[in-house]
Amino acid sequence: MDPISIIAIIFGIGSILMAAILEGTSVGSLIAPTAFMIIAGGTLGATMACFSLQEILGLLSTLPRIIKKPNCNPEDVYLAFGEMATLARREGLLVLEHHEVNVNSPLLKRGIRLLVDGVEAGALKDILIEQIVTQETKIKTHASILAAAGGFAPTMGIIGTVLGLVMVLGNLSNADELGPAIAVAFLATLYGISSANLIFLPLGKKLAYVAKLEATLGLMIVEGVLSIQAGDNPRMVQEKLLSLIDEKRWPMLQAQQAADVKK
């Protein structure tokens, strides 16, 4: 699990609340159910109007990716392809059909299956790339849903504030209640801006990052599968994958690879 996003959001909200308390504001005065209803309902309604029901429901299944670590990482893919390339060169491609790979990736499993079945290189690449693009587009669509919500929330906050001020100006007879009523009206703007910049937009950015990371892993897998199919030696296979990994990780990977060879 990678809870940094949730921790950061809690930290941001907590910092704002702490600052308000230090300035003498009570937490109770920041709670306004009607303002919350306007922000939640208005933002949800406006966002749902922009996307299909299937895309909205799909977001619920994608959200756990924000805190969930990827099923595999570039380093695991690098080492796995070194092992597979060695086996394929020594015993042939068919040996990969029953080889247990220490990488939990549906794309990799599909690529190996197509490789063993003898699918031509061009068709193999097209099939895998299409799967990568489809998955990346799906996650980016879900990220855009959160981005849309982040755009609508501040506007809904302004609408809530205007409604509150209309109610206040329509009842000026009781001067003692004007201050608290105006304060409650402006809470809608606070809720809208805070939810957009502390929740919706950050989570949308994180999903876009997840989509980019998974696409990079996918490209590594495609490159590795095609390289094995072409009959490249294990070192060449891994050299092709190394360019997609952060250079700072190279020494560690090469040391681990050398240790595995000695075993």
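With a Förster radius of 41 Å, plug the Cβ-Cβ distance of S173 and I10 into 1/(1 + (r/R0)^6) and report the FRET value to the nearest 0.05. Display every interim value, and only then the final one.
Details: r = 43 Å, r/R0 = 1.04.
The formula returns an efficiency of 0.45 here.
How much net charge surrounds A147 when only the other residues with a Cβ under 12 Å from the Cβ of A147 are counted, with Lys and Arg +1 and Asp and Glu -1?
Numbers: positive: K140, K205, K206; negative: none.
Here the count lands on +3.
Any chance you could run the full-extension gain for L163 through L53? It's 0.36 nm times the residue separation minus the Cα-Cα distance, nm to one decimal.
Here the segment from L163 to L53 would lengthen by 36.6 nm.
Kindly rank 131-143, 42-54 from highest to lowest mean number of other beta carbons found within 10 Å of each residue. Can you show the working numbers first?
Numbers: 131-143: 17.0, 42-54: 14.3.
Ranking the peptides 131-143, 42-54 by packing returns 131-143, 42-54.
Between segment 170-223 and segment 72-137, what is the C-alpha centre distance in whole Å?
Spelled out, the Cα-based centre of one part sits 40 Å from the other.
Can you flag which of K125/K248; K212/K248; K69/K248; K138/K240; K206/K248; K138/K248 are past 26 Å Cα-Cα?
Numbers: K125/K248 29 Å; K212/K248 19 Å; K69/K248 20 Å; K138/K240 28 Å; K206/K248 23 Å; K138/K248 31 Å.
Distance filter (> 26 Å) returns K125/K248; K138/K240; K138/K248.
Would you please give the FRET efficiency between T25 and R235, computed as 1/(1 + (r/R0)^6) with r the Cβ-Cβ distance and R0 = 45 Å, to the nearest 0.05?
Working: r = 64 Å, r/R0 = 1.42.
My answer for the efficiency is 0.10.
Taking θ as phi - 60°, what are the ³J(HN,Hα) couplings along segment 127-142 by the Karplus curve (6.51, -1.76, 1.60), each to the nearest whole Hz, with x for Gly and Pro?
Couplings: 5, 5, 5, 4, 5, 4, 5, 4, 5, 5, 4, 4, 5, 5, 5, 5 Hz.
At q = 0.14 Å⁻¹, work out log10 I(q)/I(0) for the chain with the Debye formula, treating every Cα as an identical point scatterer and leaving solvent out; two decimals please.
-0.97
Pull out a ≥ b ≥ c, the square roots of the eigenvalues of the alpha-carbon gyration tensor of segment 9-66, then state rounded if a/c is under 1.5, prolate if not and a/b is larger than b/c, and oblate in the remaining case. List each step's numbers first, then the result.
Numbers: a/c = 4.47, a/b = 1.84, b/c = 2.43.
Note, shape of segment 9-66 comes out oblate.
Report the charge-dipole magnitude of the chain in Debye, nearest 20, computed about the Cα centre from +1 at each Lys and Arg Cβ and -1 at each Asp and Glu Cβ. Mind dumping the intermediate values first?
Values: 20 positive and 23 negative charges, 56 e Å.
The dipole of the chain has a size of about 260 debye.
Kindly rank 119-125, 217-223 from highest to lowest mean number of other beta carbons found within 10 Å of each residue.
On the way: 119-125: 13.7, 217-223: 21.3.
Ranking the peptides 119-125, 217-223 by packing returns 217-223, 119-125.
Each reported figure results from applying straightforward, stated rules to the coordinates on display, with no laboratory input. Given the structure is predicted, the values throughout are model-derived calculations rather than measurements. Note that each Cβ is placed from the backbone with ideal geometry, even for glycine, and that neighbours are counted across all protein chains shown.
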